[in-house]
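Below is one structure, written out as structure tokens; the observations come after it.
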Amino acid sequence: MAATTSMVTSLTFTIPSLGLRLPTRSYPCLKPQRRFVRKAASNVITATYELKAPPYPLNALEPHMSRETLEYHWGKHHRTYVENLNKQVVGTDLEGLSLEDIIIVTYNKGDILPAFNNAAQAWNHDFFWESMKPGGGGKPSGDLLDLIERDFGSFERFIEEFKAAAATQFGSGWAWLAYKANRLDVENAVNPWPSEKDKELVIVKSPNAVNPLVWDYFPLLTIDVWEHAYYLDFQNRRPDYISVFMEKLVSWETVNTRLEKAKARAAEREMEEERRRKEEEEGKPTNEEEDDDLEMYVDNDNDDSEAE
Amino acid sequence: MALRSLATRKTLTLALKSTRLAQSRALQTFSLPDLPYDYGALEPAISGEIMQLHHQKHHQTYITNYNKALEQLHDAIQKGDSSTVVKLQSAIKFNGGGHINHSIFWKNLAPISEGGGEPPHGSLGWAIDTNFGSLESLIQKMNAEGAALQGSGWVWLGLDKELKKLVVETTTNQDPLVTNGPNLVPLLGIDVWEHAYYLQYKNVRPDYLKNVWKVINWKYASEVYEKESA
């Protein structure tokens, strides 16, 4: 089908065959990267998501998180999410999208589509392994610590609040530290007068597979509070697990790196929006109109296209 | 004399009224029901370690937090503090639901020596065949829905009292079956929270679901069914 080439170019902002438009602003962690694997004896391109290993051996977090837990949590749970995602995505319009794109698309503003759980959980677990390191814990420093003190009063207050969020996420889910740039508290509101003051660190909790990407926040740190994350080591004692995580496992370096990236992306996005606003004012064609043109020439399932 | 004036009719009636009020103010607190079998009696389907943790820790915690939330609710109602009344609803649903569901669950299980796993006879058996074709296909359906449930929750065999039929339902977290419909009566609930099976079955929830039927107490489910469909 001629569709494959045209699909590649059109996927950045529109997915005509899905009948969906992604809003034409850039996403926090969006990289237009797609992994393509060409099968040996066919012309079919299949995108596959890989199970990435944690950045340390499975026993490296002992005694705080046992090797057995990592073997099951990463080796079975995380692996299953990735495998099932691949099965769900192959041959559909989601194929070829980056993981973050699939998450946003299948979240579908809360009316969740089938691939969401596997996609989001695959992403969440990658993020979780990277949030920890052997010999972790301690205190952050620099900008990150400044922001924490500004937005929570003190590092101790932040710890208290984060632990409380993790302990009170009822059922399965996650607790997050995230960077919120120019978003209002109500999910579907747009900030009419964004200012530096709106950019802040927030603690949020989410059920099951949901993560802050869907609210357009930049995640910085997460703790998995599904029971499978702690049951072998702590049984029902979730608060103990949370304390050990904070004191012995958190990789503040990683959180710091993520914060720098988040600030950069937020600034980039602001510049993009400025530029687009100016272009609209000056009557130049914006990306949206360019995409409309693109749509006319993209091969899709409609038979009334002139290209036929 | 001071004592006599204390005991005039007026003060006596006041005293009586306030005791009555105090009685109506008394809040019922809940406590952990005993299991009608030993923790190890359901092995090998469910390990004794799981049963003990599940009962003594998880269920007990729901009860403790339920009692606390009820007390806070009681205070808030008396003070007319509507914000707090509303704010407490989720704690009551989580913890009260947890207490309700687990109380049913312990009765849904029985050691093999006491009839665990023995298929239902009588009217429930007949109703299952009518509604699902056979016991096997009911089990298949419940296992499929239980395995597909994302996160934490329960899978139920329920009686819809209004429509007079059996249904298979799932609920999230600790929502009791009645949150799916006011006419639904739980006959059988299977806990698919990870704490219900993880130490033994790890991530393989389908294996837990396959094995739990060996200790399901159909006698209790039949009793409830007969009572509710009368």
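Name the residue, out of B:GLY125, B:GLY151, that is outside any strand (DSSP E or B), under 22 Å from A:GLN169 (Cα atoms) and at pLDDT 95 or above.
From the options B:GLY125, B:GLY151, the qualifying one is B:GLY151.
From the list B:ALA91, B:ALA76, the lone residue that is assigned by the TED database to the domain that holds B:ILE63 and either at positive phi or within 18 Å of the chain's Cα centre (by Cα) (or both) is B:ALA91. Determine if the range A:241-254 includes at least one residue that is within 14 Å of chain B (Cβ to nearest Cβ) and either surrounded by fewer than 22 Cβ atoms within 10 Å (Cβ to Cβ) or not acidic (Asp, Glu) (or both). For the range A:241-254, residues within 14 Å of chain B (Cβ to nearest Cβ) and either surrounded by fewer than 22 Cβ atoms within 10 Å (Cβ to Cβ) or not acidic (Asp, Glu) (or both): present. If you filter the range B:215-230 down to residues that are surrounded by fewer than 20 Cβ atoms within 10 Å (Cβ to Cβ) and assigned to a loop (DSSP other than H, G, I, E, B), you find that the one that is nearest to the other protein chains (Cβ to nearest Cβ) is B:SER229.
Checked against (1) surrounded by 14 or more Cβ atoms within 10 Å (Cβ to Cβ); (2) more than 27 Å from A:ALA229 (Cα to Cα), B:HIS121 meets all criteria but (1).
A:THR257 fulfils the conditions (1) among the β-branched types (Val, Ile, Thr); (2) within 23 Å of A:ASN108 (Cα to Cα); (3) without any contact (Cβ under 8 Å) to a residue 12 or more places away in the chain except for a single criterion, (2). Residues that are without any contact (Cβ under 8 Å) to a residue 40 or more places away in the chain, among the acidic types (Asp, Glu) and within 14 Å of chain B (Cβ to nearest Cβ) do occur in the range A:77-91. Taken together, the residues in the range A:131-162 that are closer than 30 Å to A:ARG79 by Cα and crowded, with 19+ Cβ neighbours inside 10 Å amount to 5. Could you check, for the range A:202-212, whether at least one of its residues is within 21 Å of the chain's Cα centre (by Cα) and among the small types (Gly, Ala, Ser)? Yes.
For the range A:206-254, enumerate the residues that are assigned to a helix (DSSP H, G or I), without any contact (Cβ under 8 Å) to a residue 40 or more places away in the chain and either of a type in the set (Ser, Thr, Tyr) or closer than 23 Å to A:GLU100 by Cβ (or both).
A:PRO212, A:TRP215, A:TYR231, A:TYR241
If only residues of the range B:138-165 that are in contact (Cβ under 8 Å) with a residue 60 or more places away in the chain and either of a type in the set (Gly, Ala, Ser) or within 20 Å of A:ASN208 (Cα to Cα) (or both) are counted, the one that is nearest to the other protein chains (Cβ to nearest Cβ) is B:ALA147.
One residue stands out in the range B:174-214 among those that are closer than 14 Å to B:ILE46 by Cα, in a helix (DSSP H, G or I) and among the hydrophobic types (A, V, I, L, M, F, W, C): the one that is farthest from the other protein chains (Cβ to nearest Cβ), namely B:TRP213.
Considering B:ILE63, B:ILE77, the condition of being within 14 Å of another protein chain (Cβ to nearest Cβ) and out of contact with any Asp or Glu (no Cβ under 7 Å at 6 or more places or on another chain) is satisfied by B:ILE63 alone. Scanning the range B:40-73 for residues that are over 30 Å from B:LYS214 (Cβ atoms) and either surrounded by 14 or more Cβ atoms within 10 Å (Cβ to Cβ) or in contact with a His (Cβ under 6 Å, 6 or more places away or on another chain) (or both) returns B:THR64, B:ASN65, B:TYR66, B:ASN67, B:LYS68, B:ALA69, B:LEU70, B:GLN72, B:LEU73.
The values are calculated or read from the model by the stated rules, or taken from the named source; none is laboratory data. Worth saying up front: this structure is predicted, and the values here are computed from it rather than measured. Ideal geometry is used to build each Cβ from the backbone, glycine not excepted, and the neighbour counts take in all protein chains shown.
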